[in-house]
There are 2 protein chains.
Amino acid sequence: MHHASPCCPPWRTRGLTQAWILLALAQGSAHGYELLDRLGPETLDPGFLYRSLRAMEEAGLVQSAWQTAGSGPARRVYSLTDLGWEALRMWAAHLRRLRAQLDQFLEQFAQVEGGEKDVLP
Amino acid sequence: MHHASPCCPPWRTRGLTQAWILLALAQGSAHGYELLDRLGPETLDPGFLYRSLRAMEEAGLVQSAWQTAGSGPARRVYSLTDLGWEALRMWAAHLRRLRAQLDQFLEQFAQVEGGEKDVLP
DNA sequence: GCCTCCTATATGCTCAGGTCATATAAAGGA
DNA sequence: TCCTTTATATGACCTGAGCATATAGGAGGC
């Protein structure tokens, strides 16, 4: 019987990761390992990143080219396509709507929190 | 060949549904079908709602009581527990952090969007 | 030469949040 | 009686995401 903490919303928010990847790429072409650094290696799983990149390439949002020059193993360098830029703009619009929803939530929460103690006479 | 819209972030944001359910319950005890009305029947799947309510009851966030009086089939009326209120406050705090992240995203987006056309000499 | 570490990409397994379709049952009205 | 409305519930399935692990090239130690 360990209620430790109730419920708990722990994570780095679900469903928005692709948006962050697109934004990171919008700041300049890069390969996967470099994107990990840009987004914070602690906050993003490498496996998920690489899979996402492949999926986004298949969808035409990004394109890749092998870079064999330099030291270490070959790198797959990704860059945004026009379609990717368009997707990023759509994400931005979506996140603005999401922010409005959050404002609405927090406003409603403030109302119920104030009246929590005096619900019925 | 119908690229219609690229990528597309369509949905009512994932992972936050439990928070909305808790908030709706904070505005007063209700049974499932009534919660559907409060949250918008179009935006929430009944099956998912009922499963969530059962899970939250098991977690101690809500409690339920059968209401056989009145017309129609029996209703399971849910209400928030103290633990549920605590969870709701944690959700609010989390969503404030999420809002800050969104601000950061949109700010960075505004920067890259402005300089999109002049990337290299 | 060989071993080991760092960089870099990739795959398999699994879980949880969510959607869609469908089942069941009580009341009320035609 | 049968159909519709209200209300709760279950089964199948999809997908974003996390965790573990595999693979391969280069660099440095010895």
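Out of (1) more than 20 Å from the chain's Cα centre (by Cα); (2) in a helix (DSSP H, G or I), the odd one out for residue A:90 is which?
Only one criterion in (1) more than 20 Å from the chain's Cα centre (by Cα); (2) in a helix (DSSP H, G or I) is unmet by residue A:90, namely (1).
Which of the helices (runs of 4 or more DSSP H) contained wholly in the range A:10-79 include at least 2 residues that are farther than 20 Å from residue B:112 by Cβ?
By residue number, A:46-58.
Looking at the range B:35-53 only, could you name the residues that are surrounded by 15 or more Cβ atoms within 10 Å (Cβ to Cβ) and of a type outside the set (Gly, Ala, Ser)? Quick ask: steps written out before the conclusion?
So in the range B:35-53, the residues surrounded by 15 or more Cβ atoms within 10 Å (Cβ to Cβ) come out as B:35-36, B:38-39, B:44, B:49-50, B:52-53.
Once the filter is applied, which keeps residues that are surrounded by 15 or more Cβ atoms within 10 Å (Cβ to Cβ) and of a type outside the set (Gly, Ala, Ser), the range B:35-53 yields B:35, B:36, B:38, B:39, B:44, B:49, B:50, B:53.
Count, please, the residues in the range A:32-50 that happen to be more than 10 Å from DNA strand C (Cβ to nearest atom) and either β-branched (Val, Ile, Thr) or more than 19 Å from residue A:14 (Cα to Cα) (or both).
Number of matching residues: 1.
If I go through the range B:55-96 residue by residue, how many of them are within 12 Å of DNA strand C (Cβ to nearest atom) and exposed (fewer than 15 other Cβ atoms within 10 Å of the Cβ)?
Selection size over the range B:55-96: 11.
Just to be sure, is residue B:29 more than 8 Å from DNA strand D (Cβ to nearest atom), under 21 Å from residue A:111 (Cα atoms), modelled with pLDDT of 95 or more and hydroxyl-bearing (Ser, Thr, Tyr)? Steps first, please.
Numbers: more than 8 Å from DNA strand D (Cβ to nearest atom): yes; under 21 Å from residue A:111 (Cα atoms): yes; modelled with pLDDT of 95 or more: yes; hydroxyl-bearing (Ser, Thr, Tyr): yes.
Spelling it out, residue B:29 is indeed more than 8 Å from DNA strand D (Cβ to nearest atom), under 21 Å from residue A:111 (Cα atoms), modelled with pLDDT of 95 or more and hydroxyl-bearing (Ser, Thr, Tyr).
Can you name every residue in the range A:45-69 that is of a type in the set (Gly, Ala, Ser) and farther than 15 Å from residue A:83 by Cα? Steps first, please.
So the first thing to find is which residues in the range A:45-69 are of a type in the set (Gly, Ala, Ser), and the list is A:47, A:52, A:55, A:59-60, A:64-65, A:69.
Selection gives A:47, A:52, A:65, A:69.
The values are calculated or read from the model by the stated rules, or taken from the named source; none is laboratory data. All figures in this text were calculated on a predicted structure; none of them were measured in a lab. Note that we place each Cβ from the backbone using ideal geometry, even for glycine, and neighbour counts take in every protein chain shown.
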